[in-house]
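S.K.: To start, I am sharing the structure in question, which I have written as structure tokens.
The values are calculated or read from the model by the stated rules, or taken from the named source; none is laboratory data. Owing to the predicted nature of the structure, the values given are computational and were not obtained by experimental measurement. Note: ideal-geometry Cβ built from the backbone for every residue, glycine included; neighbour counts use all protein chains shown.
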Amino acid sequence: MTLHTLNLDPARWPSGPAREKESAARAAIEAGAGRTFGNSEWDRARARLLTFVSILRAWHQEVTTSESELRRAA
């Protein structure tokens, strides 16, 4: 499995649903931690979350591919 790191610059994102989702995720994670994160700490946490999401997407892709191969074999 190959992981792809995402090099995204949030400062270049337009305001909208993606920015709102990131703000909601940050608020939820900070609430769970019981404190507010500084920007550099949030950047590290965000990078780890994006890596985790990449792993989940790869697993989903593998399962989806396996299921379609099984259907063709049946």
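S.K.: Taking segment 15-33, which residues are touching a residue at least 24 places away in the same chain (Cβ under 8 Å) and of a type in the set (D, E)? Explain how you work it out, then say what you get.
M.R.: To start, the set of residues in segment 15-33 that are touching a residue at least 24 places away in the same chain (Cβ under 8 Å) comprises 22, 25.
Scanning segment 15-33 gives a single hit, E22.
S.K.: Also, I was wondering about something else. Which residue out of R57, R71, R35 is in a helix (DSSP H, G or I), farther than 19 Å from R19 by Cβ and more than 15 Å from the chain's Cα centre (by Cα)?
M.R.: On the way: R57 fails: more than 15 Å from the chain's Cα centre (by Cα); R35 fails: in a helix (DSSP H, G or I).
That would be R71, the only listed residue that is in a helix (DSSP H, G or I), farther than 19 Å from R19 by Cβ and more than 15 Å from the chain's Cα centre (by Cα).
S.K.: Further question on the same structure: Looking at (1) modelled with pLDDT of 95 or more; (2) surrounded by 10 or more Cβ atoms within 10 Å (Cβ to Cβ), find the lone condition where G34 falls short.
M.R.: G34 satisfies every listed condition except (2).
Listed here are the residues, each with its yes/no results for (1) part of a helix (DSSP H, G or I); (2) surrounded by 10 or more Cβ atoms within 10 Å (Cβ to Cβ); (3) modelled with pLDDT of 90 or more.
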{"position": "T2", "(1), (2), (3)": "no, no, no"}
{"position": "N7", "(1), (2), (3)": "no, no, no"}
{"position": "R19", "(1), (2), (3)": "yes, yes, no"}
{"position": "S23", "(1), (2), (3)": "yes, yes, yes"}
{"position": "T51", "(1), (2), (3)": "yes, yes, yes"}
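S.K.: If I filter segment 39-49 for residues that are assigned to a helix (DSSP H, G or I) and in contact with a Leu (Cβ under 6 Å, 6 or more places away or on another chain), do I get at least one hit?
M.R.: First pass over segment 39-49, keeping only residues assigned to a helix (DSSP H, G or I): 39-49.
Next, from what is left, pick out any that are in contact with a Leu (Cβ under 6 Å, 6 or more places away or on another chain): none.
No: zero hits.
S.K.: List pairs: first residue in segment 49-74 and under 20 Å from I29 (Cβ atoms), second residue at pLDDT 80 or above and of a type in the set (F, W, Y) anywhere in the structure, Cβ distance under 6 angstrom, at least six positions apart or on different chains.
M.R.: none
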